[in-house]
1. Can you tell me which of 332, 247, 327 is outside the structural domain of residue 70 (by TED's automatic domain parsing) and at pLDDT 90 or above?
2. Filter the helices (runs of 4 or more DSSP H) completely within the stretch 65-148 down to those with at least 3 residues that are within 16 Å of the ligand (Cβ to nearest atom) and out of contact with any Asp or Glu (no Cβ under 6 Å at 6 or more places or on another chain).
3. Give me the helices (runs of 4 or more DSSP H) completely within the stretch 1-62, filtered to those with at least 2 residues that are more than 11 Å from the ligand (Cβ to nearest atom), ordered by residue number.
4. Between residues in the stretch 25-53 that are at pLDDT below 95 and residues that are part of a loop (DSSP other than H, G, I, E, B), which pairs lie under 7 Å by C-beta distance while being six or more apart or on different chains?
5. Residues that are in contact (Cβ under 8 Å) with a residue 60 or more places away in the chain and over 19 Å from residue 78 (Cα atoms), at least 3 per element: which strands (runs of 3 or more DSSP E) completely within the stretch 234-335 meet that?
6. Going by the structure shown, is residue 118 among the aromatic types (Phe, Trp, Tyr) and open to solvent by less than 40 Å² (accessible area, probe 1.4 Å)?
7. Quick one: is residue 190 more than 28 Å from residue 119 (Cβ to Cβ), hydrophobic (A, V, I, L, M, F, W, C) and surrounded by 15 or more Cβ atoms within 10 Å (Cβ to Cβ)?
8. Suppose we filter 175, 196, 104 for residues that are more than 22 Å from the chain's Cα centre (by Cα) and more than 24 Å from residue 29 (Cβ to Cβ); which single one remains?
Amino acid sequence: MLKQIVKPLLSWYDGHARVLPWREDRHPYRVWVSEIMLQQTRVEAVKPFFERFLKALPNVKSLAECPEDELLKLWEGLGYYNRVRNMQKAARTVMEQYGGEFPADYEKLLSLPGIGHYTAGAIGSIAFNIPMPAVDGNVLRVLSRVKASYDDILKQSVKSNMEKEVQKIIPADRAGDFNQALIELGAIVCVPNGKAKCEICPLAFCCMAREKGIVDELPKKKAKKERRLEQKTVLVLREGDRVGIRKRSAKGLLAGMYELPNLEGCLGEDEVLEYVRECGLSPFRILPLAGAKHVFSHVEWQMTGYVVSLEETESMDHDGLFFIDAKETEEKYPIPAAFAAYVRYMDIVLGQERYEER
Ligand code: ADE
(Lines give C-alpha, C1' and ligand atoms only; values in the text may rest on other atoms or scores of the structure.)
Protein backbone atom coordinates (compact mmCIF):
# COMPACT_ATOMS: atom_id res chain seq x y z
CA MET A 1 0.00 0.00 0.00
CA LEU A 2 2.89 2.38 0.78
CA LYS A 3 4.40 1.68 -2.62
CA GLN A 4 2.09 4.26 -4.18
CA ILE A 5 3.85 7.15 -2.39
CA VAL A 6 7.19 6.66 -4.18
CA LYS A 7 6.55 8.32 -7.53
CA PRO A 8 4.54 11.35 -6.42
CA LEU A 9 6.97 11.96 -3.55
CA LEU A 10 10.02 11.96 -5.81
CA SER A 11 8.33 14.22 -8.38
CA TRP A 12 7.40 16.62 -5.62
CA TYR A 13 10.97 16.56 -4.26
CA ASP A 14 12.39 17.33 -7.69
CA GLY A 15 10.36 20.50 -7.82
CA HIS A 16 10.35 21.60 -4.18
CA ALA A 17 13.51 20.46 -2.38
CA ARG A 18 15.22 23.32 -0.57
CA VAL A 19 18.70 24.18 -1.75
CA LEU A 20 20.86 23.32 1.26
CA PRO A 21 24.65 23.41 1.56
CA TRP A 22 24.94 19.67 2.19
CA ARG A 23 22.79 18.78 -0.80
CA GLU A 24 24.97 20.38 -3.46
CA ASP A 25 27.96 18.15 -2.81
CA ARG A 26 27.15 14.71 -1.41
CA HIS A 27 30.59 13.81 -0.16
CA PRO A 28 30.08 11.38 2.75
CA TYR A 29 32.00 13.62 5.17
CA ARG A 30 29.69 16.56 4.43
CA VAL A 31 26.58 14.38 4.61
CA TRP A 32 27.73 12.95 7.93
CA VAL A 33 28.49 16.34 9.51
CA SER A 34 25.14 17.73 8.37
CA GLU A 35 23.14 14.72 9.56
CA ILE A 36 24.72 14.80 13.01
CA MET A 37 24.11 18.54 13.33
CA LEU A 38 20.51 18.14 12.14
CA GLN A 39 19.74 15.71 14.95
CA GLN A 40 18.13 17.97 17.59
CA THR A 41 18.75 21.18 15.64
CA ARG A 42 16.67 22.97 12.99
CA VAL A 43 17.89 23.39 9.42
CA GLU A 44 18.08 27.21 9.65
CA ALA A 45 20.13 27.05 12.85
CA VAL A 46 22.45 24.41 11.41
CA LYS A 47 23.41 26.29 8.23
CA PRO A 48 25.97 28.76 9.70
CA PHE A 49 27.46 26.10 11.97
CA PHE A 50 27.84 23.73 9.05
CA GLU A 51 29.67 26.27 6.89
CA ARG A 52 32.04 27.22 9.65
CA PHE A 53 32.71 23.66 10.73
CA LEU A 54 33.53 22.59 7.18
CA LYS A 55 35.83 25.55 6.71
CA ALA A 56 37.74 24.81 9.92
CA LEU A 57 37.72 21.02 9.52
CA PRO A 58 37.33 20.24 5.81
CA ASN A 59 37.97 16.50 5.99
CA VAL A 60 38.06 13.43 8.20
CA LYS A 61 41.76 13.85 8.92
CA SER A 62 41.44 17.41 10.21
CA LEU A 63 38.55 16.36 12.47
CA ALA A 64 40.48 13.36 13.77
CA GLU A 65 43.40 15.63 14.71
CA CYS A 66 41.50 18.65 16.07
CA PRO A 67 42.31 19.62 19.68
CA GLU A 68 39.31 19.06 21.92
CA ASP A 69 38.81 22.67 23.00
CA GLU A 70 38.78 23.84 19.41
CA LEU A 71 36.31 21.14 18.49
CA LEU A 72 33.93 21.99 21.31
CA LYS A 73 34.25 25.67 20.40
CA LEU A 74 33.09 24.90 16.85
CA TRP A 75 30.11 23.08 18.33
CA GLU A 76 29.38 25.71 20.95
CA GLY A 77 25.68 26.58 20.90
CA LEU A 78 24.58 23.40 19.09
CA GLY A 79 24.30 21.47 22.36
CA TYR A 80 24.40 17.70 22.89
CA TYR A 81 28.19 17.83 22.84
CA ASN A 82 28.63 14.07 22.89
CA ARG A 83 27.61 14.20 19.26
CA VAL A 84 30.84 15.94 18.31
CA ARG A 85 33.00 13.87 20.65
CA ASN A 86 31.65 10.73 19.00
CA MET A 87 32.30 12.28 15.61
CA GLN A 88 35.93 12.68 16.51
CA LYS A 89 36.13 9.06 17.68
CA ALA A 90 34.51 7.95 14.43
CA ALA A 91 36.89 10.14 12.40
CA ARG A 92 39.84 8.47 14.13
CA THR A 93 38.42 5.03 13.34
CA VAL A 94 37.89 6.03 9.70
CA MET A 95 41.53 7.17 9.56
CA GLU A 96 42.87 4.03 11.19
CA GLN A 97 40.66 1.37 9.64
CA TYR A 98 39.55 2.80 6.30
CA GLY A 99 42.45 4.99 5.21
CA GLY A 100 40.46 8.19 5.74
CA GLU A 101 37.58 7.25 3.39
CA PHE A 102 34.10 6.47 4.68
CA PRO A 103 33.19 2.85 3.92
CA ALA A 104 30.39 2.46 1.36
CA ASP A 105 28.86 -0.24 3.53
CA TYR A 106 25.81 0.11 5.79
CA GLU A 107 27.01 -2.29 8.51
CA LYS A 108 30.45 -0.70 8.66
CA LEU A 109 28.92 2.78 8.91
CA LEU A 110 26.63 1.52 11.66
CA SER A 111 29.57 0.25 13.70
CA LEU A 112 31.17 3.72 13.91
CA PRO A 113 30.73 5.70 17.17
CA GLY A 114 27.67 7.95 17.18
CA ILE A 115 26.22 6.41 14.03
CA GLY A 116 22.91 4.61 14.57
CA HIS A 117 20.39 3.23 12.09
CA TYR A 118 19.16 6.65 11.06
CA THR A 119 22.59 8.15 10.38
CA ALA A 120 23.96 5.01 8.70
CA GLY A 121 20.90 5.02 6.44
CA ALA A 122 21.23 8.74 5.70
CA ILE A 123 24.96 8.62 4.87
CA GLY A 124 24.62 5.31 3.06
CA SER A 125 21.71 6.41 0.89
CA ILE A 126 22.63 10.06 0.26
CA ALA A 127 26.38 9.62 -0.31
CA PHE A 128 26.47 6.06 -1.72
CA ASN A 129 22.90 5.38 -2.87
CA ILE A 130 22.66 2.32 -0.60
CA PRO A 131 18.95 1.42 -0.43
CA MET A 132 18.55 1.57 3.35
CA PRO A 133 15.97 3.67 5.23
CA ALA A 134 16.70 6.84 7.23
CA VAL A 135 13.72 7.18 9.53
CA ASP A 136 13.81 10.28 11.74
CA GLY A 137 11.02 12.18 13.51
CA ASN A 138 9.91 13.79 10.24
CA VAL A 139 9.52 10.45 8.53
CA LEU A 140 7.70 8.93 11.51
CA ARG A 141 5.23 11.81 11.44
CA VAL A 142 4.59 11.59 7.70
CA LEU A 143 4.13 7.82 7.71
CA SER A 144 2.01 7.73 10.89
CA ARG A 145 -0.33 10.13 9.13
CA VAL A 146 -0.34 8.39 5.75
CA LYS A 147 -1.18 5.13 7.55
CA ALA A 148 -3.46 6.77 10.15
CA SER A 149 -1.48 4.89 12.78
CA TYR A 150 -1.86 5.62 16.50
CA ASP A 151 1.26 3.59 17.36
CA ASP A 152 3.57 5.36 19.83
CA ILE A 153 6.47 6.64 17.71
CA LEU A 154 8.75 6.87 20.75
CA LYS A 155 8.71 3.07 20.97
CA GLN A 156 11.72 1.37 19.39
CA SER A 157 9.53 -1.43 18.00
CA VAL A 158 7.32 1.06 16.16
CA LYS A 159 10.37 2.75 14.67
CA SER A 160 11.89 -0.57 13.61
CA ASN A 161 8.65 -1.60 11.90
CA MET A 162 8.53 1.68 10.05
CA GLU A 163 12.12 1.12 8.91
CA LYS A 164 11.19 -2.29 7.55
CA GLU A 165 8.23 -0.86 5.66
CA VAL A 166 10.32 1.92 4.14
CA GLN A 167 13.05 -0.50 3.16
CA LYS A 168 10.56 -2.48 1.07
CA ILE A 169 9.68 0.54 -1.08
CA ILE A 170 13.01 2.39 -1.43
CA PRO A 171 13.74 2.91 -5.13
CA ALA A 172 17.15 1.41 -5.88
CA ASP A 173 18.14 4.20 -8.26
CA ARG A 174 17.23 7.12 -5.97
CA ALA A 175 17.62 5.90 -2.40
CA GLY A 176 19.12 9.15 -1.06
CA ASP A 177 16.57 11.36 -2.78
CA PHE A 178 13.73 9.20 -1.52
CA ASN A 179 14.90 9.39 2.10
CA GLN A 180 15.48 13.12 1.87
CA ALA A 181 12.11 13.59 0.20
CA LEU A 182 10.33 11.96 3.13
CA ILE A 183 12.32 14.11 5.58
CA GLU A 184 11.67 17.23 3.50
CA LEU A 185 7.94 16.59 3.32
CA GLY A 186 7.86 16.26 7.10
CA ALA A 187 9.88 19.45 7.52
CA ILE A 188 7.97 21.78 5.21
CA VAL A 189 4.51 20.28 4.44
CA CYS A 190 3.53 17.66 7.00
CA VAL A 191 4.88 19.97 9.71
CA PRO A 192 5.24 19.17 13.42
CA ASN A 193 3.97 22.43 14.91
CA GLY A 194 0.93 24.13 13.50
CA LYS A 195 -1.36 23.05 10.72
CA ALA A 196 -0.18 20.47 8.19
CA LYS A 197 -0.35 21.87 4.65
CA CYS A 198 -2.48 19.06 3.26
CA GLU A 199 -3.74 21.20 0.38
CA ILE A 200 -0.25 21.18 -1.20
CA CYS A 201 0.81 17.69 -0.12
CA PRO A 202 1.75 15.23 -2.88
CA LEU A 203 0.57 12.36 -0.64
CA ALA A 204 -2.85 13.83 0.15
CA PHE A 205 -4.42 11.47 -2.39
CA CYS A 206 -3.58 8.42 -0.25
CA CYS A 207 -3.28 9.89 3.27
CA MET A 208 -5.53 7.92 5.61
CA ALA A 209 -5.30 10.48 8.41
CA ARG A 210 -6.54 13.16 6.05
CA GLU A 211 -9.39 10.96 4.92
CA LYS A 212 -10.41 10.28 8.51
CA GLY A 213 -9.90 13.90 9.64
CA ILE A 214 -7.32 12.95 12.30
CA VAL A 215 -4.16 14.62 10.97
CA ASP A 216 -3.87 16.85 14.06
CA GLU A 217 -4.03 13.85 16.39
CA LEU A 218 -0.98 12.14 14.88
CA PRO A 219 1.70 11.08 15.44
CA LYS A 220 1.12 9.73 18.91
CA LYS A 221 3.91 10.12 21.47
CA LYS A 222 3.38 8.92 24.98
CA ALA A 223 4.42 11.30 27.76
CA LYS A 224 8.13 11.35 28.45
CA LYS A 225 9.66 10.83 31.85
CA GLU A 226 9.82 13.97 33.92
CA ARG A 227 13.05 15.92 34.12
CA ARG A 228 15.07 16.06 37.30
CA LEU A 229 15.28 19.60 38.69
CA GLU A 230 18.61 20.93 39.94
CA GLN A 231 19.15 24.23 41.73
CA LYS A 232 22.44 25.99 41.08
CA THR A 233 24.16 29.18 42.08
CA VAL A 234 26.34 30.57 39.29
CA LEU A 235 29.14 33.03 39.99
CA VAL A 236 30.65 35.68 37.78
CA LEU A 237 33.92 36.27 39.63
CA ARG A 238 35.47 39.48 38.32
CA GLU A 239 39.03 40.47 38.99
CA GLY A 240 39.57 43.66 37.00
CA ASP A 241 38.99 42.66 33.35
CA ARG A 242 39.43 39.02 34.11
CA VAL A 243 36.78 36.46 34.95
CA GLY A 244 37.09 33.11 36.72
CA ILE A 245 36.22 29.98 34.76
CA ARG A 246 36.97 26.29 35.20
CA LYS A 247 36.93 23.11 33.15
CA ARG A 248 34.17 20.60 33.77
CA SER A 249 34.93 16.98 34.45
CA ALA A 250 35.78 14.72 31.50
CA LYS A 251 32.69 12.62 32.23
CA GLY A 252 28.98 13.35 32.45
CA LEU A 253 26.85 16.29 31.41
CA LEU A 254 28.72 18.88 29.27
CA ALA A 255 31.91 16.92 29.79
CA GLY A 256 35.16 18.75 29.14
CA MET A 257 33.59 22.13 28.49
CA TYR A 258 34.37 25.28 30.46
CA GLU A 259 31.96 26.89 32.87
CA LEU A 260 31.41 29.70 35.27
CA PRO A 261 32.04 28.41 38.78
CA ASN A 262 28.81 27.24 40.34
CA LEU A 263 27.58 25.68 43.52
CA GLU A 264 24.78 23.27 44.24
CA GLY A 265 21.62 24.77 45.66
CA CYS A 266 20.16 28.21 45.75
CA LEU A 267 22.62 30.09 47.98
CA GLY A 268 22.43 33.44 49.74
CA GLU A 269 25.10 36.16 49.63
CA ASP A 270 26.79 35.04 52.86
CA GLU A 271 27.22 31.47 51.68
CA VAL A 272 28.62 32.65 48.36
CA LEU A 273 31.11 34.98 50.04
CA GLU A 274 32.22 32.18 52.34
CA TYR A 275 32.93 29.95 49.32
CA VAL A 276 34.81 32.72 47.53
CA ARG A 277 37.01 33.34 50.59
CA GLU A 278 37.64 29.59 50.90
CA CYS A 279 39.06 29.78 47.38
CA GLY A 280 41.67 32.19 48.73
CA LEU A 281 40.07 35.18 47.01
CA SER A 282 39.17 38.58 48.48
CA PRO A 283 35.67 39.74 47.53
CA PHE A 284 34.78 43.40 48.06
CA ARG A 285 31.36 43.57 46.40
CA ILE A 286 28.55 41.16 45.59
CA LEU A 287 25.49 41.77 43.42
CA PRO A 288 22.61 39.34 42.92
CA LEU A 289 21.57 38.60 39.31
CA ALA A 290 18.22 37.56 37.87
CA GLY A 291 17.30 33.87 37.95
CA ALA A 292 17.58 31.75 34.81
CA LYS A 293 16.81 28.22 33.74
CA HIS A 294 18.20 25.81 31.19
CA VAL A 295 16.48 22.66 30.01
CA PHE A 296 18.52 19.60 28.99
CA SER A 297 16.94 16.33 27.90
CA HIS A 298 16.90 14.76 31.37
CA VAL A 299 17.70 17.63 33.72
CA GLU A 300 16.57 21.19 34.21
CA TRP A 301 18.86 23.69 35.90
CA GLN A 302 17.19 26.42 37.89
CA MET A 303 19.86 29.01 38.51
CA THR A 304 20.47 32.04 40.63
CA GLY A 305 23.58 34.10 40.09
CA TYR A 306 25.88 36.71 41.59
CA VAL A 307 28.58 38.99 40.29
CA VAL A 308 31.38 39.07 42.83
CA SER A 309 34.11 41.69 42.44
CA LEU A 310 37.50 40.62 43.76
CA GLU A 311 40.63 42.41 44.91
CA GLU A 312 43.46 41.68 42.51
CA THR A 313 45.56 38.90 43.99
CA GLU A 314 48.05 36.36 42.76
CA SER A 315 45.48 33.95 41.32
CA MET A 316 45.00 30.81 43.32
CA ASP A 317 44.24 27.53 41.70
CA HIS A 318 41.39 26.41 43.88
CA ASP A 319 38.66 24.13 42.65
CA GLY A 320 40.27 24.25 39.19
CA LEU A 321 39.41 27.95 38.94
CA PHE A 322 41.53 30.20 36.74
CA PHE A 323 41.21 33.80 35.64
CA ILE A 324 41.38 34.90 32.07
CA ASP A 325 40.57 37.93 30.03
CA ALA A 326 36.87 37.83 29.13
CA LYS A 327 37.62 38.31 25.41
CA GLU A 328 39.93 35.32 25.45
CA THR A 329 37.06 33.16 26.68
CA GLU A 330 35.06 34.20 23.68
CA GLU A 331 37.83 33.15 21.31
CA LYS A 332 39.11 29.98 22.92
CA TYR A 333 37.08 28.42 25.68
CA PRO A 334 33.89 26.53 24.84
CA ILE A 335 31.20 27.46 27.34
CA PRO A 336 27.82 25.74 27.05
CA ALA A 337 24.72 27.82 26.32
CA ALA A 338 23.34 26.76 29.71
CA PHE A 339 25.42 29.60 31.18
CA ALA A 340 24.40 32.19 28.60
CA ALA A 341 22.29 34.23 31.01
CA TYR A 342 25.34 34.80 33.24
CA VAL A 343 28.03 34.92 30.59
CA ARG A 344 26.32 38.13 29.45
CA TYR A 345 27.85 39.78 32.48
CA MET A 346 31.27 39.04 31.02
CA ASP A 347 30.41 41.21 27.99
CA ILE A 348 31.00 38.39 25.54
CA VAL A 349 28.71 36.35 23.33
CA LEU A 350 28.64 32.62 22.68
CA GLY A 351 27.70 30.07 20.07
CA GLN A 352 24.60 30.88 18.05
CA GLU A 353 24.67 34.57 18.94
CA ARG A 354 28.21 34.89 17.63
CA TYR A 355 26.94 33.93 14.18
CA GLU A 356 23.94 36.18 14.34
CA GLU A 357 25.85 39.29 15.31
CA ARG A 358 28.80 39.06 12.92
N1 ADE B 1 16.97 16.71 8.62
C2 ADE B 1 17.70 15.61 8.77
N3 ADE B 1 18.35 15.30 7.63
C4 ADE B 1 18.03 16.25 6.75
C5 ADE B 1 18.39 16.51 5.40
N6 ADE B 1 19.24 15.72 4.76
N7 ADE B 1 17.85 17.59 4.82
C8 ADE B 1 17.00 18.38 5.48
N9 ADE B 1 16.64 18.20 6.73
C10 ADE B 1 17.14 17.15 7.37
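The values are calculated or read from the model by the stated rules, or taken from the named source; none is laboratory data. Since this is a predicted model, take the numbers as computed values, not measurements. Cβ atoms come from the backbone with ideal geometry, glycine included; neighbour counts cover every protein chain shown. Accessible surface is based on the protein model in full, side chains and every heavy atom, while ligands, DNA and RNA are left aside. Shrake-Rupley method; radii C 1.70, N 1.55, O 1.52, S 1.80 Å.
1. The match here is 247.
2. Here the list reads 117-128, 137-147.
3. Of the helices (runs of 4 or more DSSP H) lying wholly inside the stretch 1-62, those with at least 2 residues that are more than 11 Å from the ligand (Cβ to nearest atom) span 6-16, 28-38, 43-56.
4. Close Cβ pairs satisfying both conditions: 40/79; 40/80; 41/78; 43/20; 49/78.
5. 242-247, 299-310, 322-325
6. For residue 118, the condition - among the aromatic types (Phe, Trp, Tyr) and open to solvent by less than 40 Å² (accessible area, probe 1.4 Å) - is met.
7. In short, no.
8. After ruling out the rest, the residue left standing is 196.
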